[in-house]
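We did not get these values from a lab; they are worked out from the coordinates using the rules stated. Small disclaimer: the values here were computed from a predicted structure and weren't measured. Heads up, the Cβs are rebuilt from the backbone with ideal geometry, glycines too, and the neighbour counts pull from every protein chain shown.
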Amino acid sequence: MPTVFELEQSLFFQTYKRLPVDVIEGHGCYLTDRQGKRYLDFFGGLAVNALGYGHPRILEAIRAQTERYVHLSNFFVQEPQVRLAEKLLEVSRFSRVFFTNSGTEAVEGAIKLARKWGAKRGKKQLLGLSNSFHGRTMGALSLTERPKYREGYEPFLPNTDHIRFNDAQDLRSKINGETLAVFFEPIQGEGGLNVLSREFCDELSALQKKHGFLLVADEIQSGMGRTGRFFGYQHVGLRPDVVVVAKAIGGGLPLGAFLGTEEVASVLTFGVHGTTFGGNPVACAAGRAVLDEIVDGGLMKRAEEIGVRLIAAFRGLQQRYPKLISDVRGFGCMLGVELSVEGQLVVDRLMDRGILVNCTNTKVLRFLPPYIATDEECDKVIAELDAILASL
Ligand SMILES: Cc1ncc(COP(=O)(O)O)c(C=O)c1O
């Protein structure tokens, strides 16, 4: 009998490098594999599992909704969508929302919204930042800058370009009256946990006042309270016109959204955009449970506390191993530890010791723990990392 790993190799397009772990179940912050080995998961579904695995409130919301209906077309008003929209807009202080199935579709929707908005204003140019990641569809890829995601997919959308990350001079040179929108991740996830600087953001806001373009925040990874504030851009003093979210919002079910101010919302009128599955009622019911836990259940505060604890510990490790750790950055449950050695080496050793983290941009350990992680779980991760660094 071939193993699932062997079958995977022969059945699938080989787009993923799978971990050698055959997961059979997940509870809280832990995954268990077929051999009964438990893993403490500190990259929780790449920022999806904000409440860990099998959260009772999410499971109950899913169960209750599946007993009512699993799908209705968007010809119908759907109560779970309305309940999620109400809460999301109340917390985010945006005016309107459109639900999608994924992050990249939310980015595509935001691009289309920007295009419609710019059509009457003679504005065409879309700008992203260097080192960015916005998704895999062609529009999102046009704004993504990381070459490894773009190679071989040319040509991209016309009138797209990239500003060097945190380079205010490059920003000034690329923005003009034709600029339609600037897409940014306040904290770059795939790009290595890079945080936008205040100086860059102040310049961006000043240029926006002068030229009147749209600011679009990609909060797919950094949003939903992950950084201790509801959106990552709140750390850097920006006020975008449009924000895109996904990942954690669906509690593990596929869901994304773009939100806009009243001003931009008026450009999306009947029939100009749509989706079959976007805003699936089961995903939205799960989403409302997630949001209630994050906002009213104190988990956003907990995300912040986890960050304070982990950052202090990582900085301690940096002092002890200055030749191995070159930087510690991020907020809350979105942290990066930049190493001077290959990150994968450390990730593999952590996995042997039952800790799952991820490595991005070759040398950056990326920590995306669930907001329910306990102090003991954080300390366990630190102790194991300490032991590995000591052995290097
Ligand atoms: C910042 C950011 N934008 C967009 C995406 C794309 O989201 P999805 O994979 O749901 O299409 C991701 C996914 O990792 C992301 O981190």
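If you take all C-alpha pairs in the range 108-169, what percent of them are over 16 Å apart? Summing the P(r) of the range 108-169 above 16 Å gives 45 percent of all pairs.
The calculated FRET efficiency for Glu60 paired with Thr362, based on their beta-carbon distance and R0 = 51 Å, is about 0.75. Residue ranges 383-390, 253-260 sort as 253-260, 383-390 when ordered by packing (mean number of other C-beta atoms within 10 Å per residue, highest first).
An oblate overall shape is assigned to the chain, the ratio a/c of its alpha-carbon gyration tensor axes (a ≥ b ≥ c) being 1.5 or greater and a/b not exceeding b/c. Here the range 347-377 is scanned for amide nitrogen atoms under 18 Å from the site 7 Å beyond the Cα of Thr32 along Cα-to-Cβ, giving 354-356. The lysines within cross-link reach of Lys323, meaning a Cα-to-Cα straight distance under 20 Å and a gap of 8 or more places when in the same chain, are Lys363. Suppose R0 equals 25 Å; then what is the FRET efficiency for Arg150 and Lys124 from their Cβ-Cβ distance, rounded to the nearest 0.05? For Arg150 and Lys124, the calculated efficiency is 0.75. Summed over all non-identical Cα pairs, the Kirkwood treatment of the range 255-392 gives a radius of 17.5 Å.
Computed about the Cα centre, the dipole magnitude for the range 58-98 is approximately 120 debye when only Lys and Arg (+1) and Asp and Glu (-1) carry charge, each at its Cβ.
Using Cα pairs under 8 angstrom and six or more residues apart, how large is the relative contact order of the range 56-295, in percent?
Once divided by the residue count of the range 56-295, the mean separation gives 31 percent.
Take every DSSP beta bridge whose two residues both sit in the range 56-295; close to 40 percent of them are antiparallel. Ordering 342-348, 154-160 by mean Cβ neighbour count within 10 Å, with the highest value first, yields 342-348, 154-160. Build a GNM of the chain with springs between Cα atoms under 10 Å apart, and of Gln78, Gln319, Gln221 the one that fluctuates most is Gln319.
A crude spin-label estimate for the pair Leu46 and Ala206, with each label 7 Å from Cα along the Cβ direction, gives 3.8 nm. Cβ crowding within 10 Å ranks Tyr149, Tyr69, Tyr233, Tyr371 as Tyr69, Tyr149, Tyr233, Tyr371, fewest other Cβ atoms first. Taking a ≥ b ≥ c as the square roots of the Cα gyration tensor eigenvalues, the range 172-329 comes out oblate, since a/c reaches at least 1.5 and a/b does not exceed b/c. Using Cβ point charges alone (K and R +1, D and E -1), the dipole size of the chain about the Cα centre works out to roughly 780 debye. Using the average count of surrounding beta-carbon atoms within 10 Å as a protection proxy, the listed peptides 301-311, 12-22, 327-337 rank, highest first, as 327-337, 301-311, 12-22.
Counting neighbouring Cβ atoms within 10 Å and putting the fewest first, the residues Asp41, Asp379, Asp218 line up as Asp379, Asp41, Asp218. Across the range 209-282, the relative contact order, built from alpha-carbon pairs under 8 Å that are at least six residues apart, equals 25 percent. How high is the FRET efficiency from Gln344 to His71, r the C-beta distance, R0 56 Å, rounded to 0.05? Rounded to the nearest 0.05, the efficiency is 0.90. Here the gap between Lys323 and Arg164, fully extended at 0.36 nm per residue and compared with their Cα-Cα distance, gives a gain of 54.4 nm.
For Phe5, neighbours were defined as the other residues whose beta-carbon sits under 13 Å from its Cβ, and their charges (Lys and Arg +1, Asp and Glu -1) total -1.
Estimated at 0.36 nm per residue, the fully extended path between Met138 and Asp386 surpasses their Cα-Cα distance by 85.1 nm.
Loop only per DSSP, at most 15 neighbouring Cβ atoms within 10 Å: give me the trypsin sites (Lys or Arg not before Pro) in the range 30-117, ordered by residue number.
Loop-located and lightly packed - Arg34, Lys37, Arg93.
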